[in-house]
Amino acid sequence: MAELPQERRLVTSIPGPKSQALLVRKTAAVAAGVGVTLPVFIARAGGGVVEDVDGNRLIDFGSGIAVTSVGNSAEAVVRRASAQLADFTHTCFMVTPYEGYVEVAEQLNELTPGDHEKRSALFNSGAEAVENAVKIARAYTKRTAVVVFDHGYHGRTNLTMALTAKNMPYKEGFGPFAPEIYRVPLAYPFRWLTGAENCAEEAAAQAIDQITKQVGAHNVAAIVIEPIAGEGGFIEPAKGFLPKIAEFARQNGIVFVADEIQTGFCRTGQWFACEDEGIVPDLITTAKGIAGGLPLAAVTGRAEIMDAAHSGGLGGTYGGNPVACAAALGAIETMREQDLPGKARRIGEIMLGRLRAIQEKFDVVGEVRGRGAMIAVELVEPGTKNPNPAATAALAKACHAEGLVVLTAGTYGNVLRFLPPLVIGENLLTEGLDIIESAFSRL
């Protein structure tokens, strides 16, 4: 197939007639609970562009929610996955194993923070990875309680819904949820009542006090936290907060789990976001960006913790599928060869500069934040910090109409989040930012 031209092109309204016809079919065939952000049906994609069935080419600032960091059809991913497809698609690693799974585990053990001895186990999705991290922590500590944080998102299974903070749309009507889950404050600088300068110290003190008084540190198996809260609105905890929580976990024999499903694999300008403050988690969960778009997830961590589960206690029919493993090796090859951490940092420089200039012009922008290619704008009612979800929805809609894929997020539905592929051209990045600025002007 010819390489997809890396340029925006609008030949119909968004969505076009063919996409609209497919949406009618989707409505008739697919469960109503499966929502769609932007109903353009994609025919091909690559680099920083997605092309729909009507021939429109849209700039991609979503990456399938931080999945296609290396692009939607990276050469190494396609090459390795295609070769594996020709050999075999499945045997089930738990029945008759294969080298690809072992090689992915070796790469994860090498790439993740810390020089201690590690083990990895592979799964299908981020939620599965988090759920298995909790299982492993409970097996290791012989404790049951799990501590999570305000604004956190960890998945859609029963246990991970319980771990997730936001009710709508993730939890509403789906209970009862798994027990022994305890939620404590997150250091959210923009919304901390006594000000950002006090945030890290006070939030850590409050969290630790609640764990100590309400749960008992000796009852806690795991503390699970995203180094940057993803669905919660790309909240980067105030500097110093994460190290305090990690140290509390270490002092009390609690397994510290970094959920790097959205932040991992070069997204924030480092291989893993917890490296920013030198945090070495006991367990780290990964998915999304790991395999160039194929379903794969992992738990990686200290050998003595990972080995605590009995033989047969971890696994799943498709976990570490050979084609997905081949794709992951291709994605990691691409990340190394193209220095995607460096590319993410460059994307951050460009985006933060432009978005902060927009912030100076428009008082609907409460805060611009993020690291690398994980950038957000929190929108407020002018002159206040009151969330402004209406403006957020209007801006996203305006961007979509102009051929720019953007996503929203935030506990209050008032955050525009940007996750461009790390391989996007700077011309597309600049054009996308022009569209965003124009949307603000029209708003």
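Read-outs throughout are calculated quantities, based only on the coordinates presented, and are distinct from any laboratory measurement. Keep in mind that what you see is a predicted model, and the values were worked out from it rather than measured. Backbone-built Cβ (ideal geometry, glycine too); neighbour counts: all protein chains shown.
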**Request:** Let me know the shape class of the chain, please: from the alpha-carbon gyration tensor, a ≥ b ≥ c as square roots of the eigenvalues, rounded when a/c is under 1.5, otherwise prolate if a/b is greater than b/c, or oblate.
**Result:** oblate
**Asked** Please state the Cα pair-distance histogram of region 265-354 with 5 angstrom bins from zero: what percent is in each bin?
**Response** 3, 12, 16, 20, 19, 15, 8, 4, 2, 1, 0
**Request:** Per DSSP H run of n ≥ 4, the term is -39500 (n - 2.57); total these for the chain, divide by its residue number, and report the mean residue ellipticity at 222 nm rounded to 500 deg cm²/dmol.
**Result:** -11500 deg cm²/dmol
**Message:** Quick check on the exposure proxy: order Cys274, Cys92, Cys199 from fewest to most C-beta atoms within 10 angstrom.
**Reply:** Cys92, Cys199, Cys274
**Message:** Given R₀ = 35 Å, what would the calculated FRET efficiency be for Thr194 paired with His218, taking r from the Cβ atoms and rounding to 0.05?
**Reply:** 0.70
**Prompt:** What net charge do the residues around Gly315 carry, taking every other residue with its C-beta under 12 Å from that of Gly315, with Lys and Arg at +1 and Asp and Glu at -1?
**Reply:** 0
**Message:** To the nearest 20 Debye, how big is the dipole of the chain about its Cα centre, given +1 on the beta carbon of each Lys and Arg and -1 on that of each Asp and Glu?
**Reply:** 940
**Message:** Using Cα springs under 10 Å in a Gaussian network model of the chain, which residue among Thr160, Thr37, Thr96 shows the largest mean-square fluctuation?
**Reply:** Thr96
**Asked** So for the chain, taking the charge dipole from beta-carbon charges (+1 Lys/Arg, -1 Asp/Glu), which of Ala178, Gly289, His90 sits furthest toward the positive end?
**Response** Ala178
**Prompt:** What stretch of the chain, leaving out the sites themselves, is the longest with no GluC sites (Glu not before Pro) in a DSSP loop having at most 10 other Cβ atoms within 10 Å?
**Reply:** 173-443
**Request:** Pick out which of Thr334, Thr68, Thr212 has the largest mean-square fluctuation in a Gaussian network model of the chain, springs linking Cα atoms closer than 10 Å.
**Result:** Thr212
**Asked** What are the trypsin sites (Lys or Arg not before Pro) within region 210-247 that DSSP puts in a loop, where the Cβ has at most 14 other Cβ atoms within 10 Å?
**Response** Lys239
**Fill in**
Going from the fewest other Cβ atoms within 10 Å to the most, one would list His310, His90 as His310, His90
**Message:** Shape verdict for region 8-65, please, from the Cα gyration tensor: rounded (a/c under 1.5), prolate (a/b greater than b/c) or oblate.
**Reply:** oblate
**Fill in**
Env charge @ Val423, Cβ radius under 12 Å, K,R +1 / D,E -1, value -3
**Complete:** Applying the span-like rule to the chain (DSSP H, Cα extent along axis at least 27 Å, Kyte-Doolittle mean at least -0.5) gives 340-361
